[in-house]
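Just so it is clear, none of the values below were taken in a lab; they were calculated from the coordinates. Not measured: the values here are computed from a predicted model. Cβ coordinates were reconstructed from backbone atoms using ideal geometry, including for glycine residues, and neighbour counts include every protein chain displayed.
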């Protein structure tokens, strides 16, 4: 008798049964336990963060961010607080609320962002006119992206004036948003925000009021470059729009 062949024929089915048994008793497949929430669904507030700055960095409307997290005032933020970056769903329920119990988000009857130019801006309390934020040529036009910076780059020289494109309030002034350098964000009527990045010097502080044309910063170099640039963005309800459709 060929004992080697005999033992192989005996061990093969036993091995198969053993493997099947281990698989049956092994760990369950990995699943998403957050009702679909994953990745950057939560954000931990850092020192110096503002509600407007966080919303800007994640492409959100600050009103939505406040509603999703039961924030009545932008001054309520505290270091270490976890903010939801997506709306709560029925599946996540009370247990997944980062810092407080969930509350329904009221519907917001608001028109979608449009590139219709000044006619669209003139609605409600939005600025009726916009002015160019600095002197120079547009060296990089607007390209809509899923993430990252979504605006235009204007050439110039280091130290030249950067001006407010419309009257508004300074809601961010600092260098905490990656990729923007020294950045200023202004809040305007009609849920519009404008941003001014790559500055060499910031001349206004958060909470200050500015008029259209006021000098708010001095131009600096583009991120990772020796060329002077102003990075300018315009957003409505958290959505980027092409600034050249609004500027004269």
Fewest to most neighbouring Cβ within 10 Å: what's the order for 86, 201, 144, 169? 144, 201, 169, 86
Would any residue of region 135-179 have its amide N under 12 Å from a label point 7 Å out along Cα→Cβ of residue 227? List them or say none. 137-141, 153-156
Starting from the Cα of residue 129, step 7 Å along the direction of its Cβ; do the same at residue 239; then give the gap between the two resulting points in nm. 2.8 nm
Give me the one-decimal nm value for the distance between modelled label points at residue 138 and residue 46, 7 Å along each residue's Cα-to-Cβ direction. 3.1 nm
How far apart, in nanometres, would the label points at residue 214 and residue 169 be if each is projected 7 angstrom from Cα along the Cα-to-Cβ direction? 1.2 nm
With Rg from the Cα atoms and Rh as the Kirkwood inverse mean 1/r over Cα pairs, region 42-96 has an Rg/Rh of 0.95
Which whole-number percent is the relative contact order of region 118-245 (Cα, under 8 Å, 6+ apart)? 28 percent
